[in-house]
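Structure first, commentary second.
The values are calculated or read from the model by the stated rules, or taken from the named source; none is laboratory data. Since this is a predicted model, take the numbers as computed values, not measurements. Cβ sites come from the backbone with ideal geometry, for glycine too, and all protein chains shown count toward neighbours.
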Amino acid sequence: MYAVQIENLTKIYGSGHTEVVALADATFDVAPGELVGILGPSGSGKTTLLTTIGLVTEPTRGRVVLDGEVIAEDGWPPGLDLKRIRREKLGFIFQAHNLIPFLSAVENVMIALENNGFGAKEARTRSIELLESLGLGHRLNHYPALLSGGESQRTAIARALANQPRVILADEPTAALDTENGKNVMGLLKKLAVENNSAILVVTHDQRMVEGFDRIFTFSDGRIVNETRNNV
Amino acid sequence: MNLALRDIRHQKSRFIQTCLGLGLLLGVVMSMSGIYRGLFTDATGILNATAADLWVVQQDTSGPFAATSRIPEEIKYRIRAVPGVAQASALSFQNIQSERHGAPFRFFLVGYELGGMGGPPIIVAGRPIRQKHYEIVVDRAMKIGLGEQLQLGGDDYTIVGHTAKMVSSAGDPVAYVTLADAQKIQFKDDNNAIRNSREKLASQLERLPVLSPNQASQLTPQIAKIVGSTHIANTVVARLSPGADLAEVQDRISRWNHYRPLTGKDQEHILTEGMIKKAKMQLGMFRGILLVISGVIISLIIYTMTLDKLRVIATLKLIGTRNRVIVGLILQQSLLMGVIAYVIGFVLIALTRDKFPRRWDLVAIDLQLLFGIVILICIGASLVGIRKAMRVEPAEALGG
């Protein structure tokens, strides 16, 4: 079973002569354990694709199936619990890591687990294990302001992985990092995709990182214009 | 995980400063309530200390506190004879302002009959008045030591005792002398005036054709004595026997010419609804305005704090945080701010209450009511922030 299946996914903003087609008939599947890059210039529809899969933007047309559950079919099905699906099946990684500034590293991970019903004690134990596995055992109680860019991004990755989601959506995760840290993050995402059997979709401008992806979709004007596979 | 506490912990100094500012504001609101209660207590202080069932005053007046009332002292004997009256005493009241140590010195002088009603309710130092003349009991707030002298109406009075927390409706401390002394201070003319009035009387009598010069000279001192009598009181207070019908006694006295019998409740109404009504309204309005200002300030602070957290809220929404957690974050911060500010205000006022020049009464029901209002204001104020937070789109967490 695919982790993500999208068919003819289209998002149109406005109507009539103000109509803007942000995403047009995108169709592809992503298998569990696969690391997929979404490339393209600004305004090409990359982020719209990500937010549509992430249940943030409602598609105008098309179908999205997430881990076997239909989450969009010409719009969101009535009664769809968006927050539940985001909590249980999706993990998000952001360009600016978006850690909660008033929570320590471990608390930033804990909140994702507590959102999903874990008790404080268990959430803490799991968060510490996760952060230690990402090499942040010495930074557990540090606030985001005291973490380096790479450490912040690894904490954000830990938060995204906390609930072992089937799909991780990453928006420019290496944009704020130098080349070395960016490559480390990409290597980490690849390792986690395989280890956790999660599909990871990464939107990026960063050409330095393309060799790390299993597959790359290039977007232009809302359409997929190219699909390449890396034999890594 | 309590996000509200963690956010506050993260910006402690800002939160504490905000609470301090609000606490000062709430302290002012509390002091307004205290002053309001103090006004009431002051206004009814002498009334309650006298504990009279009836206050007989001059007809068509609302004396002796709210209006001038002069009645002959002797009427007390007639009042004592009314069935149901157990005790009746004449009292005199007057405001006195003089200078002491170069500063204005103001107090309220009560004249009472030794052993009668209306004397100092409590002596905290020294002793009560025992001699008919030239002894005085003063309130401790007048800051005159025992044994010191105070000049009144040309005579020196010795401070023999101190009373405490007795003030007039205007907030002036109260002093007590015997009725005879008070009458002398209030009604007796000075020597020049007496001499002038006697000469005037004598010349008028001499001009009367029906009187011989000898008769006129003999009548002059007798008439002068009657005219110059100081046996006048401002009121006669009466206490009834157990089981006596107040309305019946009041009705009986009201049938006499020239007198108006007011009950203790009537006096209380005159004092609280008449004399201090405007001050009470003023304080009430001021209190209301301050509460509205507090509400606006709390709303603005909570709204600003929410604006500062929009990206955090968007991120929380994107990672699936339930709305109640986000609502809790804003509501708990608002409530905590209100509660801490309330405690700061209370402590501040408790520490400074003795510095207030007028009475300041801390009443539990006022404090409880204010606490309830603060909680309601905090809940109301947080709604502005909650509304903003609920409108934040998870998509706002994306992008650089």
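Out of A:V202, A:V167, I need the residue that is at pLDDT 85 or above, touching a Lys or Arg at 6+ places or on another chain (Cβ under 8 Å) and among the aliphatic types (A, V, I, L, M). Which one?
Residue meeting the stated conditions: A:V167.
Considering only segment A:48-69, state which residues are part of a loop (DSSP other than H, G, I, E, B), β-branched (V, I, T) and buried (at least 22 other Cβ atoms within 10 Å of the Cβ).
A:V56, A:T57
Within segment A:165-185, track down each residue that is of a type in the set (S, T, Y) and under 13 Å from the mean Cα position of the chain (by Cα).
Matches in segment A:165-185: A:T174 only.
Within segment A:91-109, which residues are among the aliphatic types (A, V, I, L, M) and at pLDDT below 90?
Those that are among the aliphatic types (A, V, I, L, M) and at pLDDT below 90: A:I93, A:A96.
Which of the residues spanning segment A:128-155 are farther than 17 Å from A:N98 by Cβ and hydroxyl-bearing (S, T, Y)?
A:S133, the sole residue that qualifies.
How about segment A:99-109: which of its residues are more than 9 Å from every other protein chain (Cβ to nearest Cβ) and either free of Cβ contacts under 8 Å to residues at least 40 places away in the same chain or among the polar types (S, T, N, Q) (or both)?
Residues satisfying the conditions are A:V106, A:N108.
Take the residues in segment A:1-39 that are of a type in the set (A, V, I, L, M) and not in a strand (DSSP E or B), then tell me which one is modelled with the lowest pLDDT.
A:M1
If you take the residues in segment A:1-29 that are among the aliphatic types (A, V, I, L, M) and more than 16 Å from A:V70 (Cβ to Cβ), which one is surrounded by the fewest Cβ atoms within 10 Å (Cβ to Cβ)?
A:V20
Could you list all residues from segment B:258-293 that are touching a residue at least 60 places away in the same chain (Cβ under 8 Å) and among the aliphatic types (A, V, I, L, M)?
Passing the criteria: B:L262, B:I270, B:L271, B:M275, B:I276, B:A279, B:L283, B:L290, B:L291, B:I293.
Please go through (1) under 30 Å from B:M30 (Cβ atoms); (2) among the hydrophobic types (A, V, I, L, M, F, W, C); (3) not assigned by TED's automatic domain parsing to the domain that holds B:F371 for B:L246 and return the number of the only condition it doesn't satisfy.
Result: B:L246 fails condition (1) only.
Being within 14 Å of chain B (Cβ to nearest Cβ) and free of Cβ contacts under 8 Å to residues at least 12 places away in the same chain is the filter here; which residues of segment A:126-146 pass it?
The answer is A:L146, and nothing else.
With A:A112, A:A96, A:A72 as the choices, which residue is among the aliphatic types (A, V, I, L, M), part of a loop (DSSP other than H, G, I, E, B) and either within 14 Å of another protein chain (Cβ to nearest Cβ) or surrounded by 21 or more Cβ atoms within 10 Å (Cβ to Cβ) (or both)?
Result of the check over A:A112, A:A96, A:A72: A:A96.
State all residues of segment A:75-86 that are at the interface with another protein chain (Cβ under 9 Å from one of its Cβ atoms) and surrounded by fewer than 21 Cβ atoms within 10 Å (Cβ to Cβ); if no residue qualifies, say none.
Within segment A:75-86, A:L82, A:K83, A:R84, A:I85 meet the criteria.
Going residue by residue through segment A:43-59, is there one that turns out to be over 17 Å from B:E396 (Cα atoms) and modelled with pLDDT of 90 or more?
Yes, segment A:43-59 contains at least one residue that is over 17 Å from B:E396 (Cα atoms) and modelled with pLDDT of 90 or more.
Among the residues of segment B:21-31, is any under 27 Å from B:D139 (Cα atoms), out of contact with any Asp or Glu (no Cβ under 7 Å at 6 or more places or on another chain) and either at pLDDT 90 or above or in a helix (DSSP H, G or I) (or both)?
Yes.
Of everything in segment B:350-400, what is within 14 Å of another protein chain (Cβ to nearest Cβ) and β-branched (V, I, T)? Give them in sequence order.
B:V392
In segment B:44-58, what residues are under 12 Å from B:A238 (Cβ atoms) and surrounded by fewer than 21 Cβ atoms within 10 Å (Cβ to Cβ)?
Passing the criteria: only B:A51.
If you check B:V137 against the conditions, is it out of contact with any Ser or Thr (no Cβ under 7 Å at 6 or more places or on another chain), at pLDDT 90 or above and buried (at least 16 other Cβ atoms within 10 Å of the Cβ)?
In short, no.
Of the residues B:Q58, B:Q11, B:Q17, which single one is more than 14 Å from every other protein chain (Cβ to nearest Cβ), without any contact (Cβ under 8 Å) to a residue 24 or more places away in the chain and either touching a strand residue (DSSP E or B) at 6+ places or on another chain (Cβ under 8 Å) or not aromatic (F, W, Y) (or both)?
Just one listed residue meets the conditions, B:Q17.
Examine segment B:70-86 for a residue that is of a type in the set (G, A, S), at negative phi and assigned by TED's automatic domain parsing to the domain that holds B:P120, and state whether such a residue exists.
Yes - at least one qualifying residue is present in segment B:70-86.
For the list (1) under 19 Å from B:S168 (Cβ atoms); (2) in a helix (DSSP H, G or I); (3) at pLDDT 90 or above, I need the number of the one condition that B:Y36 fails.
Failing condition for B:Y36: (3).
Among the numbered conditions (1) touching a residue at least 60 places away in the same chain (Cβ under 8 Å); (2) closer than 27 Å to A:R87 by Cβ; (3) touching a Phe, Trp or Tyr at 6+ places or on another chain (Cβ under 8 Å); (4) surrounded by fewer than 24 Cβ atoms within 10 Å (Cβ to Cβ), tell me where A:E227 comes up short.
(2)
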